[in-house]
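What follows is a set of notes on a single structure, which appears directly below.
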Amino acid sequence: MNFLKKNNENKNVKHMSKKVILSAALIAAIGLTSCKNETKQETETTTTEVSKEMAMTDLSFGVRGNCGMCKSTIEKAANGVDGVAIATWDVDKKKIDVSFDDTKTDAMAIHKAIASSGYDTEKVSGDLDAYENLPGCCKYDHEMSMNQ
């Protein structure tokens with residue numbers, strides 16, 4: 001009877017050993033899989049950030065206008081150009097600072113977008129119909145100096 005008892009104990013130990021080994025293998029596989037995904041995501045993010053930095057161009061040029069409403073319209077026109085990251089017009093200096101992706105647009109496209117909203121830039125005269133539709137406070141002197 002001792003022989004049967006020892007034989008059953010050996011079977012139980014072998015059965016438990018198999019469960020432990022399978023459990024350890026499963027945990028190791030899950031751990032390696034999750035580490036692999038985290039590394040891949042970090043690499044993709046880094047690559048994207050570097051390419052964005054390389055393509056950005058900063059530009060400043062004069063735009064005629066008078067007030068806060070002009071500021072809103074001018075910035076909206078510039079920011080509406082595909083590739084423009086940010087555009088900020090300074091009311092006092094009559095100057096806009098633009099940061100854009102030069103693989104998607106160029107300076108002339110930004111000048112034209114602002115001009116189509118009714119405002120003169122250093123390179124393009126504002127659309128006269130759009131100018132006539134501006135509020136009274138936004139009707140600037142076409143001879144005023146810009147980029148001061």
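A short reminder: the numbers here are calculations on the coordinates, not readings from a lab. Quantities reported herein were computed from a predicted structural model and do not represent experimental measurements. Quick reminder, even Gly has a Cβ in these numbers, built from the backbone with ideal geometry, and neighbours come from all protein chains shown.
Worth pointing out:
- Residue match in the stretch 65-78 (condition: under 20 Å from the mean Cα position of the chain (by Cα), farther than 27 Å from Glu143 by Cβ and surrounded by 15 or more Cβ atoms within 10 Å (Cβ to Cβ)): no
- Count of the stretch 97-114 residues which are touching an Asp or Glu at 6+ places or on another chain (Cβ under 6 Å) and of a type in the set (Gly, Ala, Ser): 1
- Of note, Asp97 satisfies the criterion of being acidic (Asp, Glu) and out of contact with any helix residue (DSSP H, G or I) (no Cβ under 9 Å at 6 or more places or on another chain).
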